[in-house]
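A.B. asks: Before anything else, here's the structure in question.
Derivation of every value follows stated rules applied to the coordinates shown; laboratory data play no part. These figures come from a predicted structure and were not determined experimentally. Note that we place each Cβ from the backbone using ideal geometry, even for glycine, and neighbour counts take in every protein chain shown.
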Amino acid sequence: MHKKILFLLTGLIALSISAIPALASDPPTDDGQYIWQDENGDYWYRNGSEDEYIGEGNYAPDPDSGELMEGNDAGWTEQDGYFEPHYYYEDGSVWLEDATGTTYIGSRDKYYIDDYGNLQEYSESEAASSSGDSSEEYSKSEKRGELHMRVGFTADDTIRESMPEKEGYFEQRSVNEGKSTAFALKVANSSLEDSSLKGFLAEYYPVKGEIITQKDLTFESYPATKYQYLTAVNEEEKNVDALVCQTDDYTFGLFILTPSDAYDKAAEKKATELIKSIDFIYAESVDMAMTDYFQVLTPERWKYLCHYETTETENGGYKLTYYNEDVPVLTLEARYYDGEDQPLDSVWQGYLGRIETVDGKKYDLLSTISQYSEDASDEWKEMYDTYLDTINGIRMMDGCSLTEGSHT
C-alpha cells in the first residue's frame, strides 16, 4: 500500500503539513498552521487565524515520517497510521475518496470495484446482463423519463417556497438552524440568456469578486462544478456554497447562502453535507404519484416495495398513502385551510408548508409516518428508514406553490 500525505488546499496553493499537529477539542486561539478536532469529532485546519473545515475522519502521525495522515476503515489502521485513496459504494453509486475529499464516479450499474480495489467499467452487454435485460432494454431503463435532482434535506430543513420555475422547479429551504438558506433549482437551458455555468451563476447568484474555490465533478456522465464564493443579496454580503450540473436540456443548481458574518464551521459543514447528499434520478410520469396540487418522485428502491392510493377529502383535498403490501408507511395530505391554523393530529405527523393554488384556495401539506414496528417486514422497515427521500421528491404542479405556512 502506498503512503499518501494529506495535503490541504487553500485556493490554488497546496500546503504540506510537515510537523505533528496539535489536536484539541475546543476551538483554538493560537494562530498558526495545524489541525484541530472539535467536540463533534470533525477536523479543521487552522490557517493563520482562520479555520477551514476538512471533514469527518481520523488523523494520526505516520510512524515513519511523523507527518499527518488521514485514516478510514478502507485504508488505514491506528498502527500504521496512513491513508490511501480508494473507491467505495454508497446509495447505488461508486465514489472515490482521496486526501482532498470524495468524488462521484457513476452508477453501480455502469461501474464496479474489483477484488483488488480497482475501478472497472461494465461493457454495455455486461451491464445489460447484470440487470437481467437486453442491452437495448437496459439503455432504455437507465435513461427513461426525465432527469431530476433530489437533495437530502432533513425534517428540520423548513420549506419556505417550492414551485414550478422556467419549465423546471424552484425550492427554497431554511437550513443550518435557520442561519443559512438553500435554493434547489432546475431550469430549462432554453430559458437562460447565457446557458453556460458562469451565465447560470450570474443570472441567479452572481459572483462578487473572485471565485474562492472551484472543483469539477461528474454526475450521471454530465459535467458539474462545485463552487465557493461571495455574493450580495439586497446589498448584504453572503457566502455561497454551490453545485451546478448541466445536461443538454436543463441546468440544475444547489446554492447554500449564509450571511458572511454568520459563516462558521457549522454552516460550512451543513453545506458540504447537502452537496454530498445530491442524487440525480430519472423518472417518468408513471414513476410519480400525483394529485391535482403536487407530484412525488418515487425513490428507485420504493418502486419495487410499495404501492400507493390517492383519495379525495373535503373541499378538494387529497390523501396520498404509500403501502408495503397492505401495511401503510407514509401518508401525504393536502388538507383544506379555512383561514385558521389547526394543530397536528399526532406526534407522527409533520407540517411541510401551505399550498396555494391558481384559484386562490389554500391547503396545508402534511406528512404522517406510521408508528415503527419491530414486527414489520424488512421491506417495510427499509421504506420507513428512507421516507425522507420521498418527502424530498415532492414537486408542485403548475399553478401551485408551496410556502412556509403555520400550525398551532
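A.B. asks: In whole percent, what relative contact order does the range 274-368 give with Cα contacts below 8 Å and a gap of six or more residues?
C.D. replies: Numbers: 137 pairs, mean separation 17.7, N = 95.
Result for the range 274-368 is 19 percent.
A.B. asks: Could you check the simple spin-label distance between Ser260 and Tyr282, using points 7 Å along Cα→Cβ, in nm with one decimal?
C.D. replies: The modelled label-to-label distance comes out at 4.4 nm.
A.B. asks: Right, something else. Hey, what's the per residue convex hull volume over the C-alpha atoms of the range 285-403, in cubic angstrom?
C.D. replies: Working: hull volume 12.1 nm³, N = 119.
About 102 Å³ per residue, rounded to a whole number.
A.B. asks: How far apart, in nanometres, would the label points at Glu210 and Ser196 be if each is projected 7 angstrom from Cα along the Cα-to-Cβ direction?
C.D. replies: My value for the distance between the label points is 1.9 nm.
A.B. asks: What distance in nm separates the simple spin-label points at Thr158 and Glu235, each placed 7 Å from Cα in the Cβ direction?
C.D. replies: 2.7 nm
A.B. asks: Would you mind putting 302-314, 271-283 in packing order, based on average other-beta-carbon counts within 10 Å, highest first?
C.D. replies: Numbers: 302-314: 14.5, 271-283: 19.2.
Put in order of decreasing packing, that is 271-283, 302-314.
A.B. asks: While we're on this one: Hey, how much of the P(r) for the range 187-338 falls beyond 28 Å, as a percent of Cα pairs?
C.D. replies: Numbers: 4854 of 11476 pairs.
More than 28 Å apart: 42 percent of the Cα pairs in the range 187-338.
A.B. asks: In addition: Residues in the range 217-238, backbone N under 12 Å from the label point at Glu177 (7 Å along the Cα-to-beta-carbon vector): list them, ranges by number please.
C.D. replies: Answer for this model: none.
A.B. asks: Subtracting the Cα-Cα distance from 0.36 nm times the residue separation, let me have the gained length for Lys362 to Glu314 in nm, one decimal. Each step should come with its number before you reach the end.
C.D. replies: Values: separation 48, 0.36 × 48 = 17.28 nm, distance 1.27 nm.
Here the segment from Lys362 to Glu314 would lengthen by 16.0 nm.
A.B. asks: Multiply the residue gap between Glu404 and Asp248 by 0.36 nm, knock off their C-alpha separation, and tell me the result in nm, one decimal place.
C.D. replies: Details: separation 156, 0.36 × 156 = 56.16 nm, distance 3.30 nm.
Using 0.36 nm per residue and subtracting the Cα-Cα distance, I get 52.9 nm.
A.B. asks: Please tell me which of these pairs span more than 29 angstrom C-alpha to C-alpha: Lys186/Lys238; Lys186/Lys276; Lys265/Lys319? Don't jump to the answer; show the numbers that get you there.
C.D. replies: Working: Lys186/Lys238 22 Å; Lys186/Lys276 18 Å; Lys265/Lys319 41 Å.
From Lys186/Lys238; Lys186/Lys276; Lys265/Lys319, over 29 Å: Lys265/Lys319.
A.B. asks: Taking the range 369-408 on its own, what percent of its Cα-Cα pair distances exceed 12 Å? It would help to have the intermediate numbers written out before the result.
C.D. replies: Working: 547 of 780 pairs.
Distances greater than 12 Å cover 70 percent of the Cα pairs.
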